[in-house]
Amino acid sequence: MKILVLGHRGMLGSDLLGRLSACYDVVGKDFGNFDITRAESCREVVLESNPDVVINATGYTDVDACEGNMEQCFAVNASAIKNLALACEPESIKIVHFSTDYVFDGQKSTPYREDDTCCPVNLYGQSKLSGEEELRRHSKHFILIRTAWLYGKNGKNFVKTILEKSKTVKRLEVVDDQKGCPTYTWDICEAVKWLINGNHTGVFHVTNAGCCSWYDFAVKILEYEGIADVHVKPIKSDRLTRHAKRPLYSVLSN
Ligand SMILES: NC(=O)c1ccc[n+]([C@@H]2O[C@H](COP(=O)([O-])OP(=O)(O)OC[C@H]3O[C@@H](n4cnc5c(N)ncnc54)[C@H](OP(=O)(O)O)[C@@H]3O)[C@@H](O)[C@H]2O)c1
């Protein structure tokens, strides 16, 4: 099976490229030699690579920056998905695409199911939901994976931020009123393999098991790393001045 990974230099994309290369014939493209916002560029990479499956791990992923850069955020996360679907559909190429827990408003208190109503509270979530709609509209062969709170060995993520800060700051303040499912990118790769091999299609929530707050997560990260001289103080989200609102509860039911 030949797989084209788009966004292969990103946090998730780099693990997908590495992990899937052990089992399949995998090529990667990213910003620099490919631009998902350009229909022509999408057609070119699909034609050139001639894949059986395209995995789209691109994204405008800075949630706060999306609020001030709506045009680019929607170009990458929403309209680009139409470009990709239109490039793949004539050859019936399957698309694996990633969306987010942030398509939900966080008002539930039990895990969100795939068929729960989406109602994003920020522009990032709105753009990702719009991307989902483009995919459903223009592709008949897709695996849409909603995942959450990713961390991996490459790229910027919460685990790295906490460990980096702990080198210089001995008192950290972390919110304890947002709950989600921290998810390891390596485990997403395993789920992608399983979904592709099983020839599945449709919408899937894929996260690691269990849930916690960002505060709980920070405490565990320091504990696992054996860092005992950093104190973590739980705070509420309204203490932070961030551009984008976050859902308070975005746990996904796998
Ligand atoms: N991170 C999370 O916690 C999380 C949670 C839920 C869902 N997701 C979704 O999972 C996917 C992967 O996330 P990630 O955290 O691995 O993202 P990431 O590390 O930010 O990587 C995204 C990649 O997309 C590339 N890209 C951006 N604009 C592009 C364009 N116009 N054309 C081609 N490539 C472009 C980026 O290149 P540059 O670096 O050069 O811009 C980067 O290599 C995204 O769809 C995201 O929405 C992520």
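From the set of residues in segment 215-244 that are closer than 30 Å to Glu133 by Cβ and out of contact with any Gly (no Cβ under 8 Å at 6 or more places or on another chain), which is most open to solvent (accessible area, probe 1.4 Å)? Among those residues, the one meeting the criterion is Arg242. Note on segment 1-29: among residues that are more than 11 Å from the ligand (Cβ to nearest atom), in contact with a helix residue (DSSP H, G or I) (Cβ under 9 Å, 6 or more places away or on another chain) and assigned to a loop (DSSP other than H, G, I, E, B), the one that is least open to solvent (accessible area, probe 1.4 Å) is Tyr24.
One line per residue, one yes/no per condition, for (1) farther than 30 Å from Glu91 by Cβ; (2) touching an Asp or Glu at 6+ places or on another chain (Cβ under 9 Å); (3) within 15 Å of the ligand (Cβ to nearest atom):
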site	(1), (2), (3)
Leu123	yes, yes, yes
Leu129	no, no, yes
Lys140	no, yes, no
Ile145	no, no, yes
Asn154	yes, yes, yes
Thr168	yes, no, no
Asp177	yes, yes, no
Cys181	yes, yes, yes
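Conditions tested, residue by residue: (1) hydrophobic (A, V, I, L, M, F, W, C); (2) part of a loop (DSSP other than H, G, I, E, B).
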{"position": "Ile55", "(1), (2)": "yes, no"}
{"position": "Thr58", "(1), (2)": "no, yes"}
{"position": "Glu67", "(1), (2)": "no, no"}
{"position": "Gln72", "(1), (2)": "no, no"}
{"position": "Ser79", "(1), (2)": "no, no"}
{"position": "Leu84", "(1), (2)": "yes, no"}
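Is at least one residue of segment 190-210 within 13 Å of the ligand (Cβ to nearest atom), assigned to a loop (DSSP other than H, G, I, E, B), at negative phi and surrounded by fewer than 20 Cβ atoms within 10 Å (Cβ to Cβ)? So far as segment 190-210 goes, yes, one or more of its residues are within 13 Å of the ligand (Cβ to nearest atom), assigned to a loop (DSSP other than H, G, I, E, B), at negative phi and surrounded by fewer than 20 Cβ atoms within 10 Å (Cβ to Cβ).
The values are calculated or read from the model by the stated rules, or taken from the named source; none is laboratory data. Nothing here was measured: the structure is a model prediction, and the numbers come from that model. Positions of Cβ are backbone-derived with ideal geometry, glycine not excepted, and every protein chain shown enters the neighbour counts. Ligands, DNA and RNA are stripped out before the accessible areas are found, and what is left, the full protein with its side chains, is counted by its heavy atoms. Shrake-Rupley method; radii C 1.70, N 1.55, O 1.52, S 1.80 Å.
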